[in-house]
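Read-outs throughout are calculated quantities, based only on the coordinates presented, and are distinct from any laboratory measurement. Note that the coordinates shown come from a computational prediction; the quantities given were computed from them, not determined experimentally. When we count neighbours, we look across all protein chains shown, and the Cβ atoms used for this are built from the backbone with ideal geometry, even at glycine.
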Amino acid sequence: ARSSGAKTIFVQPAVNLKDLSPFKSEHKEGLGKAALAEWEDLYRRAKALQEQDRFNEALVLYRQAVGIDDRFAELHYRIGQVLFEIGQYDEAEQAFWRAVDEDVAPLRILSSMQRVVEEVASGEGAPLVDFPRLLKETSLRQYHHAVLGNEYFVDHVHTHIESYRLLGLALFDEMVKRRIATPGPSWGVEAMRSVDKEVMSGLSRHAEGVALKNLGKVFDWAGKFDEARHVFLQALEALGPDPEIYKRLTTSSMGRGEFEEAIFYLRQVIALVEPDEPDLHHRLARLLAQQGRNEEAIGEYREELRRYPNNPVVQTDLATLLAMKGEDEEARRHFEAALKLAPDFEYAHLNLALLLARERRYEEALAHNREVLRINPAQPQAHLYAGVILKNQGKLEEAIHHLSEAARLKPDDPAAKKNLQEALAARSQ
């Protein structure tokens with residue numbers, strides 16, 4: 001800049017503190033297993049309290065977790081959230097900054113780097129436009145706090161256009177002050193309004209919506225589901241009903257554990273794209289079943305099969321729900337249809353074996369269990385089901401073999417342990 005005769009103005013970068021969680025958190029080195037287990041228990045309990053809006057109780061547990069490991073960025077972010085909720089804004093800002101500084105994938109400027117910007121500008125005798133200060137002053141006037149978040153940012157560092165307008169005016173004022181620019185005699189409030197109008201008229205609402213949709217995809221990909229949801233909803237406002245956005249909202253809702261919300265968004269997808277896309281009713285059925293809404297799920301499975309009957313997974317999922325209802329004959333028909341489509345479909349063999357065993361058709365059940373183990377010898381449930389049937393038939397050696405395998409493959413399965421102990425006890429008599 002100096003060699004070309006240009007004058008330099010530094011801008012202090014601003015970051016989204018309040019509404020953008022760390023990109024990656026890691027525990028401190030040397031944290032032992034016992035300490036990690038204690039930390040995880042405190043964090044889990046505190047998070048549950050936070051989700052119940054019991055912020056003061058959550059804060060106590062979060063701070064206990066900090067005493068064990070103070071390097072986990074997400075922990076500081078959550079402390080910032082609860083402090084903000086109880087109105088301790090200065091302390092919240094400090095916690096949010098600690099979260100930024102501990103982020104091991106630092107895509108925002110660190111507090112130490114902001115100090116470097118100040119030092120370099122001062123050392124060079126160059127002006128520094130303090131963008132964070134401009135936004136904080138505006139936030140205090142508008143929201144009565146100075147913790148920067150989605151009110152001014154679209155992502156981690158990029159602001160809304162109004163915030164860039166503030167920055168542009170501040171830069172222009174600095175240029176006038178340094179006699180780099182000279183405003184004309186007509187410059188004033190009306191001229192600013194005219195410029196605003198000209199700039200805004202050149203912006204495309206549709207292009208903004210597409211950009212927001214793409215940003216939401218990035219957040220979704222990064223597993224930042226809260227942030228993704230916020231951006232996707234803005235994209236919907238710009239673009240109107242959009243099946244791709246509703247699909248993404250379904251995914252982000254599931255990632256946040258908001259399954260009823262996911263069901264709502266998936267229904268919007270179905271309303272917009274019917275009848276062209278397979279698997280939508282299947283996905284909806286699985287979500288409904290996960291929420292215990294089995295009758296609705298069965299209806300969606302039937303609708304998927306009406307449109308796309310040659311899907312063995314849908315046939316099997318429907319059969320499993322029907323078997324749970326006790327509608328064994330229809331369930332068996334769907335299991336058989338699945339196996340006709342995919343003879344080596346492990347899940348269909350396994351669940352049909354369970355149904356047949358319940359009907360006391362043990363030899364047929366064992367035959368399907370053997371098919372499962374032919375396909376996947378390390379399937380613990382197949383070993384368990386076979387072991388239980390053989391134990392009840394008095395075939396203890398075979399039963400012990402299968403139950404031992406079930407317990408080995410899935411050591412935390414109490415049913416495998418219990419049945420193995422019973423088989424061993426019966427053999428010793």
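Brief remarks follow.
- At R0 = 41 Å, FRET efficiency that the Cβ-Cβ distance of Ser201 and Asn56 yields, to 0.05: 0.25
- Nearest 10 degrees, 0 to 90: helix 312-325 Cα axis against the chain principal axis: 70 degrees
- Where a label projected 7 Å from the Cα of Lys33 along Cα→Cβ would reach, residues of segment 404-421 with amide N under 11 Å: none
- Convex hull volume of the Cα atoms of the chain, normalised per residue: 223 Å³.
- Neighbour counts of C-beta atoms inside 10 Å place Glu151, Glu422 in the sequence Glu422, Glu151, starting with the fewest.
- The chain - percent relative contact order, Cα under 8 Å, separation 6 or more: 9 percent
- Given R0 = 35 Å, the distance between the Cβ atoms of Asn214 and His144 translates into a calculated FRET efficiency of 0.55.
- All lysines inside 26 Å of Lys28 as judged from Cα atoms, apart from same-chain residues fewer than 8 positions distant: Lys18, Lys47, Lys224
- Descending by average beta-carbon neighbour count within 10 Å, the peptides 192-201, 387-396 line up as 387-396, 192-201, the highest first.
- Think of each Lys and Arg Cβ as +1 and each Asp and Glu Cβ as -1; about the Cα centre, that makes the dipole of segment 233-295 roughly 240 debye.
- 0 to 90° range, to nearest 10: angle between helix 33-51 axis and the chain longest Cα axis: 70 degrees
- The angle separating the long axis of helix 55-68 from the principal Cα axis of greatest extent in the chain is about 90 degrees.
- The alpha-carbon atoms of segment 94-156, seen along their principal axes, cover 35, 31, 21 angstrom, with the largest extent given first.
- Contact order normalised by residue count of segment 33-102, Cα under 8 Å, 6+ apart, percent: 27 percent
- CD proxy at 222 nm, helix term only [per DSSP H run n ≥ 4: -39500 (n - 2.57); per residue of the chain; nearest 500]: -22500 deg cm²/dmol
- Student exercise, the chain dipole from Lys, Arg, Asp, Glu Cβ charges, in Debye to nearest 20: 460 debye
- Cα-based shape type of segment 33-102, given that a ≥ b ≥ c are square roots of the gyration tensor eigenvalues and the cut on a/c is 1.5: oblate
- Close Lys pairs in segment 329-429 (alpha-carbon distance under 28 Å; sequence gap of 8 or more, or different chains): 7.
- Calculated FRET efficiency for the pair His158/Asp328, C-beta based, R₀ 51 Å, to 0.05: 0.30
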